[in-house]
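The values are calculated or read from the model by the stated rules, or taken from the named source; none is laboratory data. Values in this document were obtained by computation on a predicted structure and should not be read as measured data. Positions of Cβ are generated from backbone atoms using ideal geometry, with glycine treated the same way; all protein chains shown enter the neighbour counts. These area figures cover heavy atoms from the full protein model, side chains too; ligands, DNA and RNA do not enter into them. Shrake-Rupley method; radii C 1.70, N 1.55, O 1.52, S 1.80 Å.
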Amino acid sequence: MEEMYAVKDNCLLVMMPKEMDHHKADAIRMKIDEYLLDNKAQNVIFDFENTRFMDSSGIGLIVGRYKKVSCFGGKIVAMHVNARIQKILLMSGLKDMIEIV
């Protein structure tokens, strides 16, 4: 499944791909930034329902978007996080920056 984007109530929902690696991070980063710069969304929700793998580029993607949205009072949420992705988010310290639901 490829990543998909939807905006509702000032929130950008990003359906993350099955494998979140450096090959996909740049395209996802550019698309999210496009929504943020066009003021279409202030908050970003990453949906990891179908994600089975994430490397450090995924962490960088989330940290970078956190820095952008937090400047304007926005927040980052990670949802449908499996045990593997949750462990990565916890070990990287992202649990202190984002909401995990």
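The table that follows gives values for the structure above.
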| read-out | value |
| --- | --- |
| Only one of I76, I88 that is touching a Gly at 6+ places or on another chain (Cβ under 8 Å) and closer than 22 Å to N50 by Cα | I88 |
| Candidates N39, N50, N43, filtered to the one that is in contact with a Cys (Cβ under 7 Å, 6 or more places away or on another chain) and polar (S, T, N, Q) | N43 |
| Matching strands (runs of 3 or more DSSP E) fully within the stretch 1-90 where at least 1 residues are open to solvent by less than 30 Å² (accessible area, probe 1.4 Å) and modelled with pLDDT of 95 or more | 11-15, 43-47, 76-79 |
| Check on D47, on the phi < 0 side of the Ramachandran plot and over 12 Å from the mean Cα position of the chain (by Cα) | no |
| Neighbours by Cβ (under 8 Å, 6+ apart or cross-chain): first from the stretch 3-27, in contact (Cβ under 8 Å) with a residue 24 or more places away in the chain and closer than 14 Å to N39 by Cα; second part of a helix (DSSP H, G or I) and open to solvent by less than 60 Å² (accessible area, probe 1.4 Å) | V7/Y35; L12/I32; L12/Y35; L12/L36 |
| Inter-residue pairs, beta-carbon under 7 Å, first of a type in the set (G, A, S) and in the stretch 87-101, second in a helix (DSSP H, G or I), 6+ apart | S92/I59 |
| Count of the stretch 91-101 residues which are open to solvent by 50 Å² or more (accessible area, probe 1.4 Å) and in contact with a strand residue (DSSP E or B) (Cβ under 8 Å, 6 or more places away or on another chain) | 4 |
| Residue match in the stretch 63-75 (condition: polar (S, T, N, Q) and closer than 14 Å to A25 by Cα) | no |
